[in-house]
Amino acid sequence: MEVLLLSFFIVNTIEFILAGYDKYLAVKHKRRIPENTLFIIAFFGGSIGLLLAMLLFRHKTSKSSFIIKFGIIILVQIVLAYLILTDKI
């Protein structure tokens, strides 16, 4: 259980840092981190880190396509968590 929590913390920290760095690159008009990279990390456990970065840095909050895709990731994670917790998978 401790290993799972540690890995969850690490993935979310990496996602938070990447999203913050992407915001920095956006402000400096530099080449950005691909959205798919942010989505992949979010899907595999970094969704809280991305959400915190979005709120703290106001990053990607006005881009509706990003918010919709991120919402789908959150929904899939909720469904998977429910199925795992109820022993349906």
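The values are calculated or read from the model by the stated rules, or taken from the named source; none is laboratory data. Given the structure is predicted, the values throughout are model-derived calculations rather than measurements. All Cβ positions, even for glycine, are placed from backbone atoms using ideal geometry, and neighbour counts span all protein chains on display. When the accessible area is computed, the model is the full protein with side chains, heavy atoms only, and any ligands, DNA or RNA have been set aside. Shrake-Rupley method; radii C 1.70, N 1.55, O 1.52, S 1.80 Å.
General observations
- Rounded to whole Hz, the Karplus (6.51, -1.76, 1.60) HN-Hα couplings of segment 81-89, x for glycine and proline: 4, 4, 5, 5, 5, 9, 6, 8, 10
- Averaging the sequence gap over all C-alpha pairs within less than 8 Å and six or more residues apart, then dividing by the number of residues, gives the chain a relative contact order of 29 percent.
- Bins of 10 Å, starting at 0 and running to the largest distance - Cα pair percent for the chain: 17, 47, 26, 9, 1
- Less than 5 angstrom separates the built amide H of Lys63 from none of the residues sequence-distant by 5 or more or on a different chain.
- The residues of the chain have, on average, 73 Å² of accessible surface per residue, using a 1.4 Å probe with all protein chains present.
- The chain - mean residue ellipticity at 222 nm from DSSP helices (-39,500 (n - 2.57) per run, n ≥ 4, rounded to 500): -24500 deg cm²/dmol
- Top of Gly49, Gly71, Gly20 by mean-square fluctuation, Gaussian network on the chain, Cα under 10 Å: Gly71
- Counting protein heavy atoms only, the chain has 73 percent of its accessible area on carbon and sulfur, 1.4 angstrom probe.
- Gap separating the Cα centres of segment 51-89 and segment 4-18, nearest whole Å: 15
- Rounded to the nearest 10 degrees, the inclination of helix 47-57 to the longest alpha-carbon principal axis of the chain is 30 degrees.
- Calculated FRET efficiency for the pair Leu6/Ser64, C-beta based, R₀ 30 Å, to 0.05: 0.30
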